[in-house]
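Each reported figure results from applying straightforward, stated rules to the coordinates on display, with no laboratory input. Bear in mind that the values here come from a model prediction, so they are computed numbers and not experimental data. Note: ideal-geometry Cβ built from the backbone for every residue, glycine included; neighbour counts use all protein chains shown.
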Amino acid sequence: MIKVNYFILLLVLVTIVISCRNQKIALIYSNNTVDNSKYVIASDLKYFFSDNRDIKRVYLRNEKLSLKTEEIKQKIIAKNQIITPDDSYYVFALILKKDTLFADDRLEFWKYRDRGIYYKLEDKIKKEILKYYKLNPNQL
């Protein structure tokens, strides 16, 4: 009986670890313009969550991208660089769990809540994100 309980406990723990490691990421891409032909700026980030034909969404499971997203978020929090709301425009939103990071068209300036940071992704990860939107990595 005790062996069965330990087996069930182990099975539950393995399931939790696997499900946590395989978090689905939502990648959202905007083609740079909103209805009034302006770029998506920090004060208008809700546009990423609208039902607009200019917004493309992809859902994937990628542990390396999940870890990189978490790393970027932690660097933003650690640097504590407060940015002004309309200082940049955004093309990408990456949603992991309940956190959303926004990135510019080059995937180099990142925003989390009211803070931002310059962080250049590795080419391999950048190409992986861009392939979902059929974007040429050299054009950015």
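Some notes on this structure:
- Listed pairs Lys68/Lys111; Lys24/Lys64; Lys75/Lys134; Lys75/Lys131 exceeding 23 Å between Cα atoms: Lys75/Lys134; Lys75/Lys131
- In this simple spin-label approximation, Asp114 and Lys75 carry label points 7 Å from Cα along the Cα→Cβ vector, and these lie 2.4 nm apart.
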